[in-house]
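First comes the structure, then the notes that go with it.
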Amino acid sequence: QVQLVESGGGLVQPGGSLRLSCAASGITFKVYTMGWYRQAPGKQRELVASIRSDGSTNYPDSVKGRFTISRDNTKNTVFLQMNSLKPVDTARYFCNAAFSTLSYWGQGTQVTVSS
């Protein structure tokens, strides 16, 4: 059974930082492209960051330079370091694992940026 379990969300002030983690089980983690997505109320889910099996990364302009995705294949875990957080970053953040036609999602973790 595939499980993706996110953690690390919470309430943070503007300009602050958070580090999200996603622990995966039930998959051959090292071959999967891992991604972080977010969804704010009333909006579509959007890609925040992704990291391929070769370590190459991709970010949209909205988070480039502020967010960093990394992975630890020995622990089957992907991380998202978020710095300089803004209120517009407030959303539920989801972990995704993708390989060929396979795609799995976690339940998400809430990130709220507010003073």
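Using a 1.4 angstrom probe on the protein heavy atoms only, could you order TRP36, TRP105 from most to least accessible area?
TRP105, TRP36
Going 7 Å from the Cα of ALA98 toward and past its Cβ, which residues in the range 56-79 have a backbone nitrogen under 15 Å from where you end up?
56-60
Quick check: at a probe of 1.4 Å, how many percent of the accessible area of the range 15-115 sits on carbon and sulfur atoms?
Carbon-and-sulfur percentage of accessible area, whole number: 47.
Leaving out ligands, DNA and RNA but keeping every protein chain, what accessible area does TYR32 have, in Å² rounded to the nearest 10, with a 1.4 Å probe?
Counting only protein heavy atoms, TYR32 exposes about 10 Å² to solvent.
Ranked by accessible surface with a 1.4 Å probe, highest first, in what order do VAL5, VAL113, VAL31 come?
VAL5, VAL31, VAL113
Quick check: pseudo-label points 7 Å beyond the Cα along Cα→Cβ at ASN58 and SER17, how many nm apart are they?
A separation of 2.7 nm, rounded to one decimal place.
Output ³J(HN,Hα) for the range 38-55: one whole-Hz value per residue in order, computed from phi by the Karplus curve 6.51 cos²θ - 1.76 cosθ + 1.60 with θ = phi - 60°, and x for Gly and Pro.
Computed from phi, the couplings for the range 38-55 are 9, 9, 9, x, x, 10, 6, 5, 10, 6, 9, 6, 9, 9, 7, 5, 8, x Hz.
Which of the three applies to the chain, rounded, prolate or oblate, going by the alpha-carbon gyration tensor with a ≥ b ≥ c and a/c under 1.5 meaning rounded?
Prolate is the answer for the chain, as a/c is 1.5 or above and a/b outweighs b/c.
Could you sort GLU6, GLU46 by accessible area so the largest value comes first, with the probe set to 1.4 Å?
Descending accessible area places them as GLU46, GLU6.
Tell me, what HN-Hα J-couplings in whole Hz come from the Karplus equation 6.51 cos²θ - 1.76 cosθ + 1.60 at θ = phi - 60° for each residue of the range 12-29, using x for Gly and Pro?
Result, ordered by residue: 9, 7, x, x, x, 10, 9, 10, 8, 10, 9, 9, 10, 9, x, 9, 7, 3 Hz.
Under 22 Å Cα to Cα from LYS43, which lysines show up? Leave out anything in the same chain fewer than 8 places away.
LYS64, LYS86
Out of the range 66-115, which trypsin sites (Lys or Arg not before Pro) are coil in DSSP terms and have no more than 16 other C-beta atoms within 10 Å?
Listed in order of number, the matching sites are ARG66, LYS75.
Show the residues, 5+ positions off or on another chain, whose built amide H is closer than 5 Å to the amide H of GLY108.
Sorted by chain and number, the residues that satisfy this are GLU6, CYS95.
Taking the Cα centre of the chain as origin and charging only Cβ (+1 Lys, Arg; -1 Asp, Glu), how large is the dipole, in debye to the nearest 20?
Using Cβ point charges on Lys, Arg, Asp and Glu, the chain gives about 60 debye.
The values are calculated or read from the model by the stated rules, or taken from the named source; none is laboratory data. Please read all numbers here as calculations on a predicted model, not as lab measurements. With ideal geometry, Cβ positions are generated from the backbone for all residues, glycine too; neighbour counts draw on all protein chains shown. Ligands, DNA and RNA are stripped out before the accessible areas are found, and what is left, the full protein with its side chains, is counted by its heavy atoms. Shrake-Rupley method; radii C 1.70, N 1.55, O 1.52, S 1.80 Å.
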